[in-house]
Each structure stands twice: as C-alpha cells, then as structure tokens.
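Since the structure comes first, as structure tokens, the remarks are kept for the end.
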Amino acid sequence: MRKGLIVLCTCVLLLTGMSPYDRLTVREGEIIADRLNVRTGPGITYPVITSQGKYTKLRILGSLKNWLVVLMPDDSVGMVFGQYVRPVEPEIDEYESPAMEDTPPPAEFTISESERLLLLINHYRHGLGLIPYISDERLSEAARLKALDMVENKYFSHSSPVYGTPFTMLRSMGVFYKTASADLAHTADVSEAFEKMADSLVYRANLVSKRYTNIGIATADDPDEAGKIFIVLFFTEV
C-alpha cells in the first residue's frame, strides 16, 4: 500500500506556521521604480535574481502578501514588491469590432508545480528567519529521474530497483555533497504535500533544516491513480 509521504532525514525540529500561495489569472504589469530587484522569494532578505528597469513589462502570475510572483521578459520566474508594479490595462483598438460573446476567456498561466512548491518552502523558511534554499539544477534533474523511475517501475520508496538509494543515485550522477536527504510524496498536488510536510514533526525537519543549502524538486503524474502525482525533493549541504 502506498503512503502519502516518505522522508529520509537526519534531524527533527519542531516549528509551526505557514502562509498560502495565491494563484491569480495572469495579467500585465509595468515597473514604476527606476530599478526593481527581482528576488527568489517574498522579502528583501531573499537573493536577487536580477534587476529590471522602469517601464519593463512583467506578467503577474500570483501573490504572497505584498509580493508578486512574476514572469520576466526572458520567461524566468521571480518575486517583486507589489508597490512598484502597476497593472497595465489592455489596449483597445477603437476601430476593432466588439468581441463576440463566444470568445474564449484568456487561459490561466501558472508556474510549474515544482516552482510553486519551491516558493511555498522558501516563503515558509523566510517566516522562520531561515535563509531560502537554492534551486539546484543537478538535484532537480536527479529528482525528475527518480519521479519517472517510480512511475515506470510502479513503486513508492526511497530504494530504486534502478538507481538504488538516493545517496547512491546522487553520487552516480556526479552530485557531490557533504550531507543529503530526500522527501517523497504521493498526493493530489504540491500544496497538499506542503501542508502535510509542514504539519508533520518528521517531514518538517528538512523544510526547516539549517544544514542543507540546495534543493531539487520534481513531480510526475501517476498514470495508475487519477489525480495523484509523485513528488521528489532532494536536499544537500555543499
């Protein structure tokens, strides 16, 4: 029988509290400050990804309190302080005929489940005064392979018939680390997984660890159980 969460970790901490991530229908915004820092999370203590100049157009994907999740011109995702971004109303051609009633509404643009889970985790850590996890491409690739391996070989466990333990898998992929840990989840979505992890004494340990610095996250649909996904999180200290 599959269980909803599996954790492989080395420490346990007792901390509580979390904030929701609100998804919104995508809309346009424009920077009104001379320069605006785009960060990895909702606060000035989060690392700066890049800076954008005044009048730069952004696509607003969602919000966390006073911070906006935005898609930048190069299609990368970050967060900016909402006070310095104003909504941009769509231009209407005065010669264009009114839209027909059967015109489909604009599609909702959302970030990936992996990116959304990273935002939830880093926002949670920020609220506890912890530094955010660094998204690691090699760990994310390992997590992706692990998730697909569970789908293809129909199992839910840290030990893989193909890759062995997570530690063996990371070493075989050339991922070097001082210490490492892994969490697995089998839930409806990443929000449900995050809530369960944050509410569990054992699973919360990796979310609030002061030892680990890097994280890799991946998800994969479960073809055998409609509406469920596999979620893999790798944590390392480098």
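The values are calculated or read from the model by the stated rules, or taken from the named source; none is laboratory data. The shown structure was predicted, so the numbers you read here are calculated from the model rather than taken from an experiment. Heads up, the Cβs are rebuilt from the backbone with ideal geometry, glycines too, and the neighbour counts pull from every protein chain shown. Surface accessibility is based on the protein's heavy atoms, side chains included, excluding ligands, DNA and RNA. Shrake-Rupley method; radii C 1.70, N 1.55, O 1.52, S 1.80 Å.
In region 210-228, how many residues are within 16 Å of Ser112 (Cβ to Cβ) and open to solvent by 60 Å² or more (accessible area, probe 1.4 Å)? Please lay out each step first, then the result.
First, pick out the residues of region 210-228 that are within 16 Å of Ser112 (Cβ to Cβ): 215-221.
Adding the requirement that they be open to solvent by 60 Å² or more (accessible area, probe 1.4 Å) leaves 221.
Qualifying residue count, region 210-228: 1.
Evaluated against (1) over 26 Å from Thr45 (Cα atoms); (2) in a strand (DSSP E or B); (3) not charged (D, E, K, R), Thr168 falls short on exactly one condition, (2). Restricting the search to region 49-72, which residues are open to solvent by less than 70 Å² (accessible area, probe 1.4 Å) and over 15 Å from the mean Cα position of the chain (by Cα)? Selection gives Thr50, Ser51, Gln52, Gly53, Thr56, Leu58, Ile60, Trp67, Met72. Scanning region 45-62 for residues that are assigned to a strand (DSSP E or B), in contact (Cβ under 8 Å) with a residue 24 or more places away in the chain and farther than 16 Å from Val88 by Cβ returns Ile49, Thr50, Gly62. Kindly check whether there is at least one residue in region 191-209 that is part of a loop (DSSP other than H, G, I, E, B), at pLDDT 90 or above and exposed (fewer than 13 other Cβ atoms within 10 Å of the Cβ). No, region 191-209 contains no residue that is part of a loop (DSSP other than H, G, I, E, B), at pLDDT 90 or above and exposed (fewer than 13 other Cβ atoms within 10 Å of the Cβ).
Every condition in (1) under 25 Å from Gly43 (Cβ atoms); (2) open to solvent by less than 60 Å² (accessible area, probe 1.4 Å); (3) outside any strand (DSSP E or B) is met by Asp183 except one, and the failing one is (3). Contact map, region 174-194: first residue farther than 19 Å from Glu141 by Cα, second residue hydrophobic (A, V, I, L, M, F, W, C) and not in a loop (DSSP other than H, G, I, E, B), Cβ cut-off under 6 Å, separation 6 or more or different chains; pairs are Thr187/Ala193; Ala193/Ala185; Ala193/Ile231; Phe194/Leu120. In a residue-by-residue description of region 142-150, the property of being among the acidic types (Asp, Glu) and open to solvent by 40 Å² or more (accessible area, probe 1.4 Å) applies to no position.
Is there a residue being in a helix (DSSP H, G or I) and touching a residue at least 24 places away in the same chain (Cβ under 8 Å) anywhere in region 211-230? Checked region 211-230: no residue is in a helix (DSSP H, G or I) and touching a residue at least 24 places away in the same chain (Cβ under 8 Å). Selection of region 166-180 for residues being among the hydrophobic types (A, V, I, L, M, F, W, C) and open to solvent by less than 30 Å² (accessible area, probe 1.4 Å) yields Met169, Leu170, Val175, Ala180. What are the residue pairs meeting all of these: first residue in region 118-137, first residue over 14 Å from Met79 (Cα atoms), second residue of a type in the set (D, E, K, R), Cβ atoms under 9 Å, and 6 or more apart or on different chains? Within 9 Å, the pairs are Leu130/Lys210; Ile131/Arg125; Ile131/Lys210; Tyr133/Arg125; Ser135/Glu115. Every test in (1) at pLDDT 50 or above; (2) under 23 Å from Phe235 (Cα atoms); (3) among the hydroxyl-bearing types (Ser, Thr, Tyr) is passed by Tyr55 save one, and that test is (2).
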